[in-house]
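Beneath this line is the structure, given in structure tokens, with notes to follow.
The values are calculated or read from the model by the stated rules, or taken from the named source; none is laboratory data. Everything numeric here is computed off the predicted structure, so don't read it as measured data. Every residue, glycine among them, receives a Cβ derived from its backbone with ideal geometry; neighbour counts consider all protein chains shown.
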Amino acid sequence: MTNYLIYDVFTDSAFGGNPLAIVTDAQDLPEAQLQPIAREFNLSETVFLYPPADPAHTARARIFTPMSELPFAGHPTIGTAIALSAMGHGDQLVLELGVGPIACEVAGSSAKFTSRVPLEIGASVDPALMAACVGLAPDAIRADRHAPVMASVGLPFACAELTGMEALRDAHPVTDAFRICADTYPVKSDFFSAMVYVRDGDALFARMFAPLSNIPEDPATGSASAALACYLAELEGVSKVFAITQGVEMGRPSSIGVEVDVSDGKASSFVVSGAAVKVMEGRLYL
């Protein structure tokens with residue numbers, strides 16, 4: 001038997017934010033069972049914890065969607081740090097992820113992590129095709145500040161600004177258009193994901209869709225938020241602090257903080273912050 005926890009992440013209330021499964025001791029699980037277990041949970045991500053390769057670190061964490069393994073994701077990092085702290089590992093932790101060690105700091109039910117993974121800016125995405133992916137007319141895409149673009153700090157997302165909150169509310173994933181984008185803009189993660197948002201100063205209101213990864217919509221996406229925040233800060237050439245609201249349309253409101261340090265015109269580091277609450281625990285009988 002192997003224990004697991006369920007945390008709701010990027011929220012301070014149960015049944016908000018993004019649920020995360022954490023398998024607390026995965027070292028005896030066969031490799032071939034990891035993906036089926038993640039598919040059984042059917043959450044946007046499941047974390048499997050192992051002893052760290054470096055004894056100075058806290059744990060090695062492997063992150064799986066229902067379809068594949070990821071090198072990095074934000075809500076698993078925040079949720080895992082808070083869970084490990086609650087399990088007695090202190091408030092200063094280092095998680096070994098696919099993108100390298102990530103330092104985390106926990107304060108009660110909140111955490112933040114710092115990353116220096118560089119921003120990668122990929123192809124510009126055709127606005128009409130981007131609009132088709134989220135079921136909107138092409139004129140719902142706002143392109144005066146930037147065209148839709150692929151951005152990544154470990155995991156790539158197509159990011160596009162919308163014209164207003166009505167367009168954001170109306171957005172919905174269109175799988176056939178996502179398949180066209182996946183063929184047109186291939187990415188290392190093997191699936192195409194889209195983050196659309198509306199901006200009010202440094203407040204961003206966002207939605208993220210990844211139907212090709214069996215995630216029609218994600219209520220809170222730290223990795224996409226970090227990529228978008230780094231891109232916007234680098235675009236403006238100044239350090240920024242963004243407050244990102246996501247998941248409202250799903251009935252799972254989420255709050256994500258992203259602080260980006262810009263040096264010499266480049267995003268040199270970013271800090272993602274948020275809260276999490278434990279809502280369930282149980283055992284795998286395998």
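Candidates in segment 66-93 are the residues that are surrounded by 23 or more Cβ atoms within 10 Å (Cβ to Cβ) and of a type in the set (S, T, N, Q); of these, the one that is nearest to residue 279 (Cα to Cα) is 80. The listed residues are 182, 160, 167, and the only one of them that is within 30 Å of residue 96 (Cβ to Cβ) and either at pLDDT 95 or above or assigned to a helix (DSSP H, G or I) (or both) turns out to be 182.
Residues in segment 250-264 that are under 15 Å from the mean Cα position of the chain (by Cα) and hydroxyl-bearing (Ser, Thr, Tyr) were compared, and the one that is surrounded by the fewest Cβ atoms within 10 Å (Cβ to Cβ) is 255. Exactly one residue out of 43, 29 is in a loop (DSSP other than H, G, I, E, B) and in contact (Cβ under 8 Å) with a residue 40 or more places away in the chain, and it is 29. None of 274, 237, 201 is farther than 26 Å from residue 132 by Cβ and in contact with a strand residue (DSSP E or B) (Cβ under 6 Å, 6 or more places away or on another chain) except 274.
Of all the numbered requirements in (1) surrounded by 16 or more Cβ atoms within 10 Å (Cβ to Cβ); (2) modelled with pLDDT of 95 or more, residue 172 misses one, and that requirement is (1). Restricting segment 11-26 to residues that are assigned to a loop (DSSP other than H, G, I, E, B), farther than 21 Å from residue 59 by Cα and not aliphatic (A, V, I, L, M) leaves a set whose member that is nearest to the chain's Cα centre (by Cα) is 17. Exactly one residue out of 119, 34 is under 15 Å from the mean Cα position of the chain (by Cα) and in contact (Cβ under 8 Å) with a residue 12 or more places away in the chain: that is 119.
Look at residue 63 and say whether it is closer than 27 Å to residue 243 by Cα, of a type in the set (A, V, I, L, M, F, W, C) and over 14 Å from the mean Cα position of the chain (by Cα).
Here the answer is no, as residue 63 does not meet what is asked.
How many of the residues in segment 98-127 are assigned to a loop (DSSP other than H, G, I, E, B) and either touching a Cys at 6+ places or on another chain (Cβ under 7 Å) or not polar (S, T, N, Q) (or both)? Summing the residues that are assigned to a loop (DSSP other than H, G, I, E, B) and either touching a Cys at 6+ places or on another chain (Cβ under 7 Å) or not polar (S, T, N, Q) (or both) in segment 98-127 gives 9.
Give the residues of segment 170-179 that are part of a helix (DSSP H, G or I), farther than 17 Å from residue 221 by Cβ and of a type outside the set (Lys, Arg), sorted by residue number. Selection gives 170, 175, 176, 177.
Tell me the strands (runs of 3 or more DSSP E) entirely within segment 203-271 that contain at least 2 residues that are under 22 Å from residue 177 (Cα atoms). Answer list for segment 203-271: 203-210, 215-218.
Applying the set (1) assigned to a strand (DSSP E or B); (2) at pLDDT below 95 to residue 154 leaves exactly one unmet item: (1). Of the candidates 148, 138, the single residue that is out of contact with any Lys or Arg (no Cβ under 9 Å at 6 or more places or on another chain), of a type outside the set (Lys, Arg) and surrounded by 24 or more Cβ atoms within 10 Å (Cβ to Cβ) is 148. Which one of these does residue 103 not meet: (1) under 27 Å from residue 9 (Cβ atoms); (2) among the aliphatic types (A, V, I, L, M); (3) buried (at least 16 other Cβ atoms within 10 Å of the Cβ); (4) in contact (Cβ under 8 Å) with a residue 24 or more places away in the chain? The failed condition is (4). Among the residues of segment 252-262, is there at least one that is touching a Pro at 6+ places or on another chain (Cβ under 6 Å), modelled with pLDDT of 95 or more and not assigned by TED's automatic domain parsing to the domain that holds residue 18? Checked against the condition, which is being touching a Pro at 6+ places or on another chain (Cβ under 6 Å), modelled with pLDDT of 95 or more and not assigned by TED's automatic domain parsing to the domain that holds residue 18, segment 252-262 yields at least one hit. Number of residues in segment 132-145 that are more than 16 Å from residue 206 (Cβ to Cβ) and among the hydrophobic types (A, V, I, L, M, F, W, C) equals 3.
Scanning segment 208-249 for residues that are among the hydrophobic types (A, V, I, L, M, F, W, C) and surrounded by fewer than 21 Cβ atoms within 10 Å (Cβ to Cβ), we see that the one that is nearest to residue 260 (Cα to Cα) is 241.
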